[in-house]
Amino acid sequence: MNDQSIMENLLLTTKGVCDLYLHGAIESATQNVNAAFDQALNESLCMQDELYQKMAAKGWYPTQQAQQQQIDQVRQKYAGLN
């Protein structure tokens, strides 16, 4: 397993953890439990961002620039929902 595969696995796992913590925060019954999930979620989101930044710097997480026409179409589609 190479470094890129390891980083991809870490990123996917961290994203999954973020999802679990988000649902825990939403569904928590008490303020203490909510605060614990909220803190864990924030820490996990920071970890996810660090992993993404490192992968992007190495070219392991390529992104595509959206064309202005696509942006305008999406903006127009959802403009009436406000």
- Task: Could you please tell me which pairs satisfy a Cβ distance under 7 Å, a separation of 6+ or placement on different chains, a first residue in the range 9-30 that is under 15 Å from Glu43 (Cα atoms), and a second residue that is open to solvent by less than 30 Å² (accessible area, probe 1.4 Å) and charged (D, E, K, R)?
- Result: none
- Task: Within the range 28-65, track down each residue that is part of a loop (DSSP other than H, G, I, E, B), more than 18 Å from the chain's Cα centre (by Cα) and surrounded by 10 or more Cβ atoms within 10 Å (Cβ to Cβ).
- Result: Ser28, Lys58
- Note on the structure: Per the filter on the range 1-24, residues among the polar types (S, T, N, Q), more than 16 Å from Ala57 (Cα to Cα) and open to solvent by less than 80 Å² (accessible area, probe 1.4 Å) are Asn9, Thr14
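The values are calculated or read from the model by the stated rules, or taken from the named source; none is laboratory data. Every value quoted in this text rests on a predicted model; they were computed, and no experiment measured them. Backbone-built Cβ (ideal geometry, glycine too); neighbour counts: all protein chains shown. Calculation scope for accessible area: heavy atoms of the full protein, side chains included, ligands and nucleic acids excluded. Shrake-Rupley method; radii C 1.70, N 1.55, O 1.52, S 1.80 Å.
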